[in-house]
Amino acid sequence: NPSYADAYSNLGAVYKEAKEYEKAYGYYEQAVKLNPKHTNANFDMALIELSRGEYESAWPKYEHRLKMNELLSKTYKYKTPMWRGEALEGKTIILQNEQGYGDNIMFIRYVPKFLDMGAKVIIRTRPELVKLFESIEGVALVCSEEEKGIPEHDYYLPIMSSALMFKTTLKTIPSNFPYLRSLGKNSDIGLDNQKTN
């Protein structure tokens, strides 16, 4: 069946597992031509594009992760609207934990951008990261996602969607260091006096 998008996506997945990314990408493209909303194909294309540094095209596709059951089952389902770029002056936004520890630590660097927009920022994260994220200046509250009850807020955002919302490119990745401080001595997490991705 030449119009069966899942078959092309599955072939792409096979080549992706074999680390033949160019072949994989071609099959994902075929799947997306047949079904532009194909979740797995778009998501895997995003991963390949991110590895190439093609951020502008990758971030919109990466949003397809929010439709994947294996990721959705690990996050809270909010009744409030997801932030889509509205003015944040005087508003409260929750930045919601996503995926692994490293993902959260990397993407928490976007907090100052929300603060610059006048937002009151609440971070809901893994319990093990609460103390670390409390070191970020200007954050109103850091709480564990395992706590019952959700703080009052106007918007929420899965933290890894920050890259799309701020139209991140290789040149505009937030690189002000340090953006975290260690829990023990007064040393910093991050690199001083140099920029890094």
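The values are calculated or read from the model by the stated rules, or taken from the named source; none is laboratory data. No experiment lies behind these values; they were computed from the predicted model shown. FYI the Cβ positions are ideal-geometry reconstructions off the backbone, even for glycines, and counts take in every protein chain you see. Surface accessibility is based on the protein's heavy atoms, side chains included, excluding ligands, DNA and RNA. Shrake-Rupley method; radii C 1.70, N 1.55, O 1.52, S 1.80 Å.
Summary table
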read-out: 1.4 Å probe accessible area per residue over the chain, in Å²; value: 57
read-out: Surface share of carbon and sulfur [accessible, 1.4 angstrom probe, percent] for the chain; value: 51
read-out: Sum of -39500 (n - 2.57) over DSSP H runs of 4+, divided by residues of the chain (222 nm, nearest 500); value: -10000 deg cm²/dmol
read-out: Reachable aspartates and glutamates from residue 23, criterion Cα separation under 18 angstrom, eight or more residues apart if same chain; value: 6, 44, 49, 54
read-out: FRET efficiency, 1/(1 + (r/R0)^6) with R0 22 Å, evaluated for residue 14 and residue 69 via beta carbons; value: 0.55
read-out: Among (i) 1.50; (ii) 1.13; (iii) 1.21, the entry derived from the coordinates for Cα Rg over 2.2 N^0.38 Å; value: (ii)
read-out: Set 33/61; 19/61; 77/148; 16/171; 61/167 screened for pairs whose C-alpha atoms are more than 18 Å apart; value: 19/61; 16/171
read-out: With all protein chains modelled, accessible area of residue 37 [1.4 Å, Å²]; value: 150
read-out: Cross-link partners of residue 91 among lysines (Cα-Cα below 18 Å; sequence separation of 8 or more within a chain); value: 79, 113, 120
read-out: Förster-model FRET efficiency, 35 Å R0, residue 117 and residue 77, C-beta, rounded to 0.05; value: 0.90
read-out: Mean separation of Cα contacts under 8 Å (6+ apart) over length of region 1-146, as relative contact order %; value: 14
read-out: DSSP loop GluC sites (Glu not before Pro) with at most 16 other Cβ within 10 Å excluded, longest remaining stretch of the chain; value: 153-197
read-out: Mean-position separation - Cα centroids, region 10-73 and region 118-156, in angstrom; value: 31
